[in-house]
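K.L.:
Provided herewith is a single structure, encoded as structure tokens, for subsequent inquiry.
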Amino acid sequence: MSSKLDPSLHRERKPDWIKVRLPRDPVFWSTKALISDLRLHTVCEEAECPNRWECWSQGTATFMIAGDRCTRACGFCAVSTAKPFPLESDEPQRVAEATKRMKLKHVVITAVARDDLKDGGADHFARTITAVRDVNPGIVVEILVPDFNNEDWAIELVMNAKPDIFNHNLETVERLTPLVRSRAKYWRSLAVLKKAKELAPDVETKSGLMLGLGETEEELFQALDDLREHDVTVLTLGQYLRPSMNHLPVVDYIHPDTFEVYRQVAMNKGFKFVASGPLVRSSYHAADFNPKDA
């Protein structure tokens, strides 16, 4: 599946509220240069996030470890699907150095799915968390992880490194999961979130859903209930945007007012923090929620 933007996408009319601000701040270019200098990948670029201009202009980025090749081919994702390269043993230190140079107080670390590895990349996550804390002791470390095939020992390996926020995205409602998320399972994702919380009760668990894939409100609200039943306390809701013509089509564009309604519904269901809007993504304004203040 191609991760390149199809030129024909420029002919697709999007609502007025789907706007991307182009970079003007010099901080954007210094952030880009630093990431290149340290040979790091970001989900901002690889997943073609619509907010990368804004976030990089603020000197923030979501680091993507374990390479830029994913072993899964989800119908919504722009990250390349291919046989991954071996892990780079010094990558944890390079990520740590980036957080130090950028003077970050909150970092988000994510990864492609690595089903080729026995632990799914869990040890690499753990070593990266440890490396970041070694050079930046006060930083809030948020991780956005694959499902590690729901292996208890792999999840425990990650939690033993003591992240502050454990994020694993549900992505969509139960009915649409087989279409949207290749090789993933709705209830397996919920189980992973529950296990993380049980292993480290003080860690905040977080998840996110994309809207506009054809889900109904009833299905969405059921997904929110399922997340709360599995002790998830932080939520993101955002608009699905089609990366290319090879990806799943957008069924609906959800109005910003509706996103606000959904935010209120989620808060009423007991979530501590909800980011909800058309351009919201898993790590968008992640630092707005500080688990130490929760």
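FYI, it's all coordinate maths here, none of it is from the lab. The structure displayed is predicted, hence computed values, not measured ones. Cβ placement follows ideal geometry from the backbone for every residue including glycine, while neighbour counts extend to all protein chains displayed.
K.L.:
Over the alpha-carbon set of the stretch 106-187, divide Rg by the Kirkwood Rh and report the Rg/Rh ratio to two decimals. Kindly include the intermediate steps, with their values, before the conclusion.
P.N.:
Working: Rg = 13.6 Å, Rh = 13.5 Å.
My calculation of the ratio gives 1.01.
K.L.:
Figure the gain on full extension for Asp116 and Leu179 (residue separation times 0.36 nm, minus the Cα-Cα span) and round it to one decimal in nm.
P.N.:
Numbers: separation 63, 0.36 × 63 = 22.68 nm, distance 2.23 nm.
Answer, rounded to one decimal: 20.5 nm.
K.L.:
Right, another one. Let's test the formula: R0 of 35 Å, r as the Cβ-Cβ distance of Lys269 and Leu38. What FRET efficiency results, to the nearest 0.05? Walk me through the intermediate numbers first.
P.N.:
On the way: r = 40 Å, r/R0 = 1.15.
So, using R0 = 35 Å, E works out to roughly 0.30.
K.L.:
Okay, moving on. Can you give me the long-range amide H partners of Val140? Hydrogens built in the peptide plane at 1.01 Å from N, cutoff under 5 Å, separation of 5 or more residues or another chain.
P.N.:
So Val140 has HN proximity to His106, Val107.
K.L.:
Shifting gears a bit: Any chance you could check the Cα centroid distance between the stretch 204-231 and the stretch 167-197 for me, in angstrom?
P.N.:
10
K.L.:
Once Rh for the stretch 146-238 is found with the Kirkwood sum over Cα pairs, what is the Stokes-Einstein diffusion coefficient at 10 °C and 1.306 mPa s, in µm²/s? Numbers along the way, then the final one.
P.N.:
Values: Rh = 13.3 Å.
Answer, rounded: 119 µm²/s.
K.L.:
Right, here's the next one. Take Asn160 and Arg188, extend 7 Å from each Cα along the Cα→Cβ direction, and tell me the distance between the two endpoints in nm.
P.N.:
Here the answer is 2.3 nm between the modelled labels.
K.L.:
Residue separation times 0.36 nm, minus the C-alpha to C-alpha distance between Gln222 and Ile18: what's the value?
P.N.:
Working: separation 204, 0.36 × 204 = 73.44 nm, distance 2.67 nm.
Difference between extended and current length: 70.8 nm.
K.L.:
Convert 20 °C to kelvin, take the viscosity as 1.002 mPa s, use the Kirkwood radius over C-alpha pairs of the stretch 197-248 as Rh, and evaluate the Stokes-Einstein diffusion coefficient in µm²/s, rounded to a whole number.
P.N.:
Answer, rounded: 168 µm²/s.
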